[in-house]
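> Here it is: the structure, laid out below.
The values are calculated or read from the model by the stated rules, or taken from the named source; none is laboratory data. Since the model is a prediction, treat every value here as computed from it, not as a measurement. Neighbour counts run over all protein chains shown; Cβ positions are idealised from the backbone, glycine included. For accessibility, only protein heavy atoms count, side chains too; no ligands or nucleic acids. Shrake-Rupley method; radii C 1.70, N 1.55, O 1.52, S 1.80 Å.
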Amino acid sequence: MTGTELMVEVVGWTGALLILAAYALLSAGKLYARSPAYQAMNIVGAAGFVVNGWWHGALPSTVLNVVWMGIGVAALARARTA
């Protein structure tokens, strides 16, 4: 495994852990869906999936996570204007 391949895998697994942690914290009542922390965890996590999915040619996953990031960014923008 090259250094680049290793980095892509680390980025992907980090993204997975962030999204799982965000959901676990939401389910446990430690975060709220509208909280900036929850949205940021989802945005950064999805970005990790985008990198990993693109590298591996998994276009459906990549597109899904680009949309997931867009939803998070829109939620953060709405929270700032509210």
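> Any chance you could give the angle, 0 to 90 degrees and rounded to 10, that helix 36-55 forms with the longest Cα principal axis of the chain?
20 degrees
> So for the chain, what are the equivalent ellipsoid semi-axes in whole Å, largest first, each being the square root of 5 times an eigenvalue of the Cα gyration tensor? All intermediate terms of the calculation are to be shown ahead of the outcome.
Working: eigenvalues 126, 41, 17 Å².
Each semi-axis is the square root of five times an eigenvalue, giving 25, 14, 9 Å.
> Got a number for carbon plus sulfur as a percent of region 3-49's accessible area, 1.4 Å probe?
Values: 2100 of 2820 Å².
Carbon with sulfur: 75 percent of the solvent-accessible area.
> Probe of 1.4 angstrom, ligands and nucleic acids ignored: what's the accessible area per residue over the chain, in square angstrom? Display every interim value, and only then the final one.
Numbers: 5480 Å² over 82 residues.
With the other protein chains kept in place, the chain gives 67 Å² per residue.
> Using a Förster distance of 22 Å, how high is the FRET efficiency between A33 and V63, based on the Cβ-Cβ distance and rounded to 0.05? Walk me through the intermediate numbers first.
Values: r = 23 Å, r/R0 = 1.04.
So, using R0 = 22 Å, E works out to roughly 0.45.
> On a 0 to 90 degree scale, rounded to 10, what angle separates helix 59-81 from the longest Cα axis of the chain?
Compared with the principal axis, the helix lies near 30 degrees.
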